[in-house]
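*Asks:* Structure incoming, see below.
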Amino acid sequence: MRRSRWSLIILMTLAVAFTSTINIAYAAEPETENAAAEEETPEQKAEREAYEMPVQTNELKKWPKGPATYGEAGIVMEVGTGAILYAKNIDEHEFPASITKVLTALVALENGQLTDEVTFTRDSVAFLQPGDSSIGMKEGDIVSLDEALHATLLASANEAAYAVGESVGRNAGHDYNWFLEQMNARCKELGGENSHFANTNGLHDENHYTCARDMALIGRELFKHPEFFDIVQTLNYAIPATDTCEEHIFQQKHKMLIPGNSNYYEYAVGGKTGYTSDALSTLITMAEKDGVRLVCVVLRTHGSNIYSDTKNLLDYGFSNFTKTAAAGEEDSKDVESIIDSDGDGYVMLPEGIKFKDLDMKLKADENARGEAVLTYSYKGYMVGSARAKLSKSYIKDHSAKIRTTEKEENKEKSSGKKLTFAIVVAAAGILLLVFYIRRMIKKQRRRRRKRRRR
């Protein structure tokens, strides 16, 4: 009996101890979570907050969901149409850092020849600070524009970018500031509305900023310059020693373009890296797969996620959108047929969205009678365009309207001419009347004088 009592007491004691242990464990859990939260560094917090930022295209109904990124702004643009496939804060002002140099290259290629001389003046080297990206060019060095652009785009040499702007400007009869004006003007011509470039290299300046959309438009335009891609696809390059320059050897920095690198991306065809402590990591990448060409731009990327973010975005673009010809799909009664001379009449159709779901806007071409430009969009996002031959019914209907409008315009013009003629006649009549009155007054004065003399 005593043994049974002792056994019962021992069992009860163990149960109480076990329950207390569980309660202590549960009570400790919130403290552990709070401790973990307190251990999050400012860098980790910024990285997490950037990753949690909303992606605007993900808010579109039926639109394919794009990946989150550790960059605060990002875009994927299709080159042929300019269609935006992915958008995250694409108009937000950000510092571009060295991806500025792709615009420098564009303006240089449009205003110079690769055989032109580039001279390194004192101004093109004196601004460099310790730590600035450079290949060590010196005052008085002379190289070709081709060599200077290799240094600018591959080695990200800041002095080379300055010398390019200065020399191209001077060769055009102007100066470095003129080149900067061309950079800003060219960006606006391409549709960029949220940029201002204060230098050719991207070194930090509060007045030097851009946005993901503007940089993508610049990247898109560069596809018209195959020489740009010849340069940026180079892995190793050497500027040979001459009487005016020492030898300089440098390599490709964009890891997605380097075979064998862990970040290599087989569809990448060009791009440029960038980094400053103010801009953080920036990257522009051009890629091509199965006839589809994309430009991806990521800005203000936290941590070491620049390449993984870019890869995810390009994969998203290639996997979730189909290049779809407008011919055979467009059934508007206003359109007789699609004019597709070079395969340029197409849309980037998002997966899960049909051609009939798109909105079409027709604009008659004033310079080509019977033709029009069709622009296709989905929820406000342009996805493509095509030229079309207008239907006879459309031409007949709108020709009648045009004739009516022309008649009204002719009436207005005729009325205007009549009114003008009447005003001229009235003015002439008034002048004649004034002239007649003045003559009468003079005659009366003469008569009075004669009478007084008598």
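The values are calculated or read from the model by the stated rules, or taken from the named source; none is laboratory data. Treat the numbers as computed from the prediction; the structure is a model and nothing was measured. Positions of Cβ are backbone-derived with ideal geometry, glycine not excepted, and every protein chain shown enters the neighbour counts. Surface areas here come from the heavy atoms of the whole protein model, side chains and all, with no ligands, DNA or RNA. Shrake-Rupley method; radii C 1.70, N 1.55, O 1.52, S 1.80 Å.
*Asks:* Once the dipole of region 296-383 is set up with Lys and Arg at +1 and Asp and Glu at -1 on Cβ about the Cα centre, which of His302, Met382, Thr322 lies farthest towards its positive end?
*Replies:* The one lying farthest along the dipole's positive direction is His302.
*Asks:* Rounded to whole Hz and in sequence order, give me ³J(HN,Hα) for region 240-249 from the Karplus expression 6.51 cos²θ - 1.76 cosθ + 1.60, θ = phi - 60°, writing x for Gly and Pro.
*Replies:* x, 5, 9, 5, 10, 6, 7, 6, 9, 10
*Asks:* ³J(HN,Hα) across region 84-97 via Karplus (A = 6.51, B = -1.76, C = 1.60, θ = phi - 60°), whole Hz, x for Gly/Pro?
*Replies:* The phi angles translate into 8, 8, 9, 9, 9, 6, 6, 10, 6, 5, 9, 7, x, 6 Hz.
*Asks:* Can you list, largest first and rounded to whole Å, the semi-axes you get for region 295-396 by taking the square root of 5 times each eigenvalue of its Cα gyration tensor?
*Replies:* Ellipsoid half-lengths, sorted descending, are 35, 13, 11 Å.
*Asks:* Mind listing the phi-derived Karplus ³J(HN,Hα) values for region 179-185, rounded to whole Hz, using 6.51, -1.76 and 1.60 with θ = phi - 60°, and x for any glycine or proline?
*Replies:* Result, rounded to whole Hz: 4, 4, 4, 5, 4, 5, 5.
*Asks:* Taking amide H positions as placed 1.01 Å from N in the peptide plane, with prolines and chain starts having none, which residues 5 or more places from Ala198, or on another chain, fall under 5 Å of its amide H?
*Replies:* So Ala198 has HN proximity to Tyr209.
*Asks:* What is the packing order of peptides 345-353, 162-170, taking the mean over residues of other C-beta atoms within 10 Å and listing the highest first?
*Replies:* Sorting 345-353, 162-170 by mean packing, highest first, produces 162-170, 345-353.
*Asks:* Fully extended, how many nm does the chain gain between Lys65 and Asp91 (0.36 nm per residue separation, minus their Cα-Cα distance)?
*Replies:* Roughly 7.4 nm would be gained on extension.
*Asks:* Ok, one more. Which pairs, out of Lys62/Lys323; Lys88/Lys272; Lys88/Lys389; Lys188/Lys379; Lys101/Lys363; Lys101/Lys361, put more than 28 Å between their alpha-carbon atoms?
*Replies:* Exceeds cut-off: Lys88/Lys389; Lys101/Lys363; Lys101/Lys361.
*Asks:* Taking the alpha carbon gyration tensor of region 345-395, what are the square roots of 5 times its eigenvalues, largest first, to the nearest whole Å?
*Replies:* Values for region 345-395, descending: 24, 10, 9 Å.
*Asks:* Hey, another quick one. For region 156-256, what Kirkwood radius comes out of the mean inverse Cα-Cα distance, in Å?
*Replies:* 15.5
*Asks:* Starting with the highest mean, order 331-339, 369-377 by the number of other Cβ atoms within 10 Å, averaged over the residues of each peptide.
*Replies:* 369-377, 331-339
*Asks:* Glu371's amide H: which non-local residues (gap 5+, or another chain) put their own amide H closer than 5 Å, with H modeled 1.01 Å from N in plane and none for Pro or chain starts?
*Replies:* Asp365, Leu390
*Asks:* Separate question: Put Arg48, Arg300 in order of accessible area, largest first, 1.4 Å probe: what do you get?
*Replies:* If we order Arg48, Arg300 from most to least accessible, we get Arg48, Arg300.
*Asks:* Val383's amide H: which non-local residues (gap 5+, or another chain) put their own amide H closer than 5 Å, with H modeled 1.01 Å from N in plane and none for Pro or chain starts?
*Replies:* Tyr376, Ser377, Tyr378
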